[in-house]
Amino acid sequence: MLDIVLTVKPMTSFEHTYKGVRILVLTGDITKQEVDAIVNPANSLLIMGGGVAGTIKRVGGNEIEDEAVKHAPVPVGEAVATGAGRLKAKYVVHAPTMERPAMRIGKRNVGLSVRGALKCAEGLEIRSIAFPGMCTGVGGLSLEEAARTMVNEAKEHIGKRTNLKQIIFIGFEEDLTYAFERAVNGILTTP
């Protein structure tokens, strides 16, 4: 008789609390998150063609993009919120990482976009927000560098007064989830 052993990796889930804010890292679909807001790593024109933006538009509805483009152009470092259409979230925070669609960019833009998203969230008194990998697709940034930059920005933001009670870093695949987990462990768990 032949014994077959199947190894199934469970959906990664990692949790840490930093200065009263719950940080959750998981693998999944950002459009399924039940949070106040999900972040769209946008372009300054707020055109939601592909990647995470395209998925948000496809699942949530064209009305998200229709509302977003009324605010364009939005510079990198700022963010705007729109309704979330058919999504479980209340808002989509559009945080440009690049000026035009499909630009390759660096970690500076990731930091600016995360900072802009968090500032927008504070303005709306959002309590929970979910971030996908920022610039890990067409933006061309490595998963590790993007994750470290994003977690550093979250740490800086939490270090100030914040309304946020939960930040989720969500990877669409486990490699990104593990990068987020390593970044949280290395940045938020050390003194």
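Only residues that are surrounded by fewer than 18 Cβ atoms within 10 Å (Cβ to Cβ), outside any helix (DSSP H, G or I) and small (G, A, S) were counted across the stretch 104-136, and they come to 1. Annotation: A183 fulfils all but one of (1) farther than 17 Å from G28 by Cβ; (2) aliphatic (A, V, I, L, M); (3) touching a Gly at 6+ places or on another chain (Cβ under 8 Å); (4) assigned to a helix (DSSP H, G or I); the unmet one is (3). Every test in (1) part of a helix (DSSP H, G or I); (2) touching a strand residue (DSSP E or B) at 6+ places or on another chain (Cβ under 8 Å); (3) surrounded by 15 or more Cβ atoms within 10 Å (Cβ to Cβ) is passed by V59 save one, and that test is (2). Does A72 count as in contact with a Cys (Cβ under 7 Å, 6 or more places away or on another chain) and over 28 Å from S142 (Cβ atoms)? For A72, the condition - in contact with a Cys (Cβ under 7 Å, 6 or more places away or on another chain) and over 28 Å from S142 (Cβ atoms) - is not met. Contact annotation: no residue pair with Cβ atoms under 7 Å, 6 or more positions apart or on different chains, pairs a residue in the stretch 111-126 that is free of Cβ contacts under 8 Å to residues at least 12 places away in the same chain with a partner that is of a type in the set (D, E, K, R) and part of a helix (DSSP H, G or I). Across the stretch 152-180, the qualifying residues are those that are acidic (D, E) and modelled with pLDDT of 95 or more, and the one among them that is surrounded by the fewest Cβ atoms within 10 Å (Cβ to Cβ) is E156. Candidates in the stretch 5-34 are the residues that are touching a strand residue (DSSP E or B) at 6+ places or on another chain (Cβ under 9 Å) and polar (S, T, N, Q); of these, the one that is modelled with the lowest pLDDT is T12. Restricting G116, G140 to those that are within 19 Å of V52 (Cβ to Cβ) and modelled with pLDDT under 95 reduces the list to G140. A count restricted to the stretch 78-103 and to residues that are modelled with pLDDT of 95 or more and assigned to a loop (DSSP other than H, G, I, E, B) stands at 8.
Table: residues versus (1) more than 17 Å from R115 (Cα to Cα); (2) surrounded by fewer than 17 Cβ atoms within 10 Å (Cβ to Cβ).
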| site | (1), (2) |
| --- | --- |
| G20 | yes, yes |
| V25 | yes, no |
| E34 | yes, yes |
| A37 | no, no |
| N43 | no, no |
| A68 | yes, no |
| H71 | yes, yes |
| T82 | yes, no |
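The values are calculated or read from the model by the stated rules, or taken from the named source; none is laboratory data. Just so you know, these numbers come straight off a predicted model, no measurement behind them. Glycine also receives a Cβ, built like all others from the backbone with ideal geometry; neighbour counts cover every protein chain displayed.
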